Structures are given as structure tokens and as C-alpha cells.
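Right, one structure below, let's go through it.
The values are calculated or read from the model by the stated rules, or taken from the named source; none is laboratory data. Owing to the predicted nature of the structure, the values given are computational and were not obtained by experimental measurement. Here the Cβ is made from the backbone with ideal geometry for all residues, glycine too, and neighbour counts use every protein chain on show.
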Amino acid sequence: MLLRRVRGLSAPWTTDWILRKHRFTNAYRAADRVSQYLIRNVIYDGSQIAEEVAFRILLFKLFNKIETWELLVAKLGVPTWARFNARRYADVLSKARGLGVVIYSAAYIMPSGSSAFGASEKHRNHLALIEYMMRDRLTTHLDRARSLAAVYELLRSYPTLGPFLAFQLAIDLNYSTIIDFDEGSFVVPGPGARDGIAKCFVDRGGLSEAEIIKVMADRQQQEFEERGLVFEPLGGRPLKLIDCQNLFCEVDKYARVRHPEVSGHSGRTRIKQIFKARPQSITLWFPPKWGINDRVAAQVAAIAQ
């Protein structure tokens, strides 16, 4: 579906009515709209000084909403740690909220942070968290990290960052040039992935949920071939652990509609978000260090009109 959309082919891109009606993420996390914006417009557009890159990633991801980033840029200029003033940023967001603007994405459930930072408005606490992390010399700690797991543990040590969000931030930081660890080295299953795994396996054979995700990643090509499934890796890059984690989450969502009789841990029975194709053209662009951008462009160009 993704490559057909990027190629500019008209909808529908699938005959599956569930996929056509509801919003799902792409097989590759980095190919999703918000991740694509983060990579192209936040991480690699601007100063590549480590502190500035880390600050931009934190600011974007704690709200995880393109429109919120663009609001801050419009009102205050391109965000920089060197000129960061938490009160000014908070005032812009408070005014927007007062006008009915939604400043947070619905993708993550963000804790309020009031117990750690004391503000009544959630966004003020999150701006205080960013300031706290940066003043704690986050990038120095990241430079000393020797694994993706160590990055995750570092992020978990900060107030309000639970397992799911800490792992997501670790992956986002790993898109940049600040750190460069193998996405196949570490994974933390989120709530949706745990639900998806529960719906796929009656018996995990003694494997943990993280181990199940690793088996899926390790055996992907073999399983595609045995089942006669055609899957063309983006630029030749196989699915990584973060991608497989996300896919289990999407399986959970899909099964809520297709197999409502099968319950996961959460008991959720419907998909809230409806898919609406955006009119803007899509151009895929990934971290240059992956070395796949030219190959992805060739893949897209090879798709028949």
C-alpha cells in the first residue's frame, strides 16, 4: 500500500475493507507520516550539534504532533536549546489550548508530570522535563552509552518517562547522528504489542514477549517464503525489532474488527481512528546513515502506473 501511495497511484490501494476504513501504521515505523516529518524536518533540518538535535527531538516527540511543532516555529522561530525559554513556549501552547487547539497526538498516553514538576498544565510539566534533561547533560550521557538498551535505561531514569515512551524516544534519538545502534539489538514491547502477541499465540513456549518479537524479526524471510507472501523490504532493509513490535500492535487493532471474539490483555474491541488519505504527495526519506534512500526511490519508480 505504502509504495503505491508514494508512486501516486489512486486509491483504493487494497481490497481489504478494514485496512481501507481504519488507520494503521506502516510496516516500517520510520515510514509513518509523523516519523517521516521528524526525520526530515526536525532531526536533519537545522544545526547538527548534538545538544540541539536532542532538544529538537525531545520537544517534537513529547507532543508528537506536527501541527504543534509548526505552531511553535511560527510563533517563536525554529526551536533551539540555546534560546529555549520554557515560559514563552508554555504561554504559546496555553493560548492555543484556550482556542481549542489539540496540542498532543492521540498516539501516546502522556502522564501529566504534575507530581514531578508541579504545574497544573501538562505541557508546562513536559517543557520542564525537557529543560531538566538538557541541563542534566543528556547528550553527554548518550555519548557514554554503549548499547540501545543503555540509552533506554538512561531515559527511564528521568521523571515521568515510563517503559513505552522511553523506548520510543530511544528509537527516535537513534535516527539521528547522536547515537547509532542496531535496531535489531533491543526491544521493549508496548501495551498494544503485548495484546497482539496474546492474540497470535495461545502458548509462547516459554518465550518472553520481547523474545517473540526477536523470533519474528529473525525468521521473517523464511516465514514469507513458506507462506508464499510477497514482501519487498524498503531499500533492502529488513524489518527490525521496533517494526515487528509495531506490527504486533497493528495485528491487535486489526483483530478487534476481524476477530472480536479474541480478546487481548486490554479488552479493547474497536479501532478509534478512521483513515483519511491526505492530499499531499509522499516522498520517503530515511536517516542517511542507513544508506537506503536511493534504493527506496528506485523501488518507487519501478512500480507500474
Could you say whether any residue in region 29-37 is assigned to a loop (DSSP other than H, G, I, E, B), of a type in the set (G, A, S) and in contact (Cβ under 8 Å) with a residue 40 or more places away in the chain?
-> no
When restricted to G228, G196, G184, G205, the only residue in contact (Cβ under 8 Å) with a residue 40 or more places away in the chain and in a loop (DSSP other than H, G, I, E, B) is G184
Failed condition for T160, given (1) under 22 Å from I103 (Cα atoms); (2) part of a helix (DSSP H, G or I) | (2)
Mind checking which residues of region 172-181 are buried (at least 19 other Cβ atoms within 10 Å of the Cβ) and in contact (Cβ under 8 Å) with a residue 60 or more places away in the chain?
-> D172, L173, Y175, S176, I178
Can we say A86 is closer than 19 Å to Q168 by Cα and among the small types (G, A, S)?
-> no
Within region 64-81, is even one residue touching a residue at least 12 places away in the same chain (Cβ under 8 Å), farther than 14 Å from M110 by Cβ and touching a His at 6+ places or on another chain (Cβ under 7 Å)?
-> no
Positions within region 172-188 being within 15 Å of Y44 (Cβ to Cβ) and among the polar types (S, T, N, Q), in sequence order | N174, S176, T177
Can you name the condition, by its number, that R270 falls short on among (1) assigned by TED's automatic domain parsing to the domain that holds G190; (2) surrounded by 11 or more Cβ atoms within 10 Å (Cβ to Cβ); (3) not in a helix (DSSP H, G or I)?
-> (2)
Those residues that are buried (at least 19 other Cβ atoms within 10 Å of the Cβ) and either modelled with pLDDT under 80 or of a type in the set (A, V, I, L, M) (or both), I need them from region 25-40; list them, please.
-> A30, A31, L38, I39
Residues (modelled with pLDDT of 95 or more, outside any helix (DSSP H, G or I) and not basic (K, R)) located in region 237-263 = P238, L239
Go through Y158, Y108, Y89, Y152 for me and flag whichever is over 25 Å from I49 (Cα atoms) and either in contact with a helix residue (DSSP H, G or I) (Cβ under 9 Å, 6 or more places away or on another chain) or basic (K, R) (or both).
-> Y108
Would a scan of region 61-71 turn up a residue that is on the phi > 0 side of the Ramachandran plot and either acidic (D, E) or surrounded by 15 or more Cβ atoms within 10 Å (Cβ to Cβ) (or both)?
-> yes
When L284 is run through (1) modelled with pLDDT of 95 or more; (2) of a type in the set (A, V, I, L, M, F, W, C); (3) part of a loop (DSSP other than H, G, I, E, B); (4) buried (at least 18 other Cβ atoms within 10 Å of the Cβ), the failure sits at (1)
Does region 110-128 contain any residue that is of a type in the set (S, T, N, Q) and touching a Phe, Trp or Tyr at 6+ places or on another chain (Cβ under 8 Å)?
-> yes
Quick one: would you say S185 is small (G, A, S), touching a Ser or Thr at 6+ places or on another chain (Cβ under 8 Å) and closer than 25 Å to N246 by Cα?
-> yes
Qualifying residue in region 130-147 (condition: at pLDDT 95 or above and under 20 Å from I66 (Cα atoms)) | yes
Give me the pairs, please: first residue somewhere in region 242-255 and at negative phi, second residue anywhere and surrounded by fewer than 21 Cβ atoms within 10 Å (Cβ to Cβ) and aliphatic (A, V, I, L, M), beta-carbon distance under 7 Å, and either six or more positions apart or on two chains.
-> D243/A27; C244/M216; C244/A217; L247/A27; K253/I271; Y254/I18; A255/V262
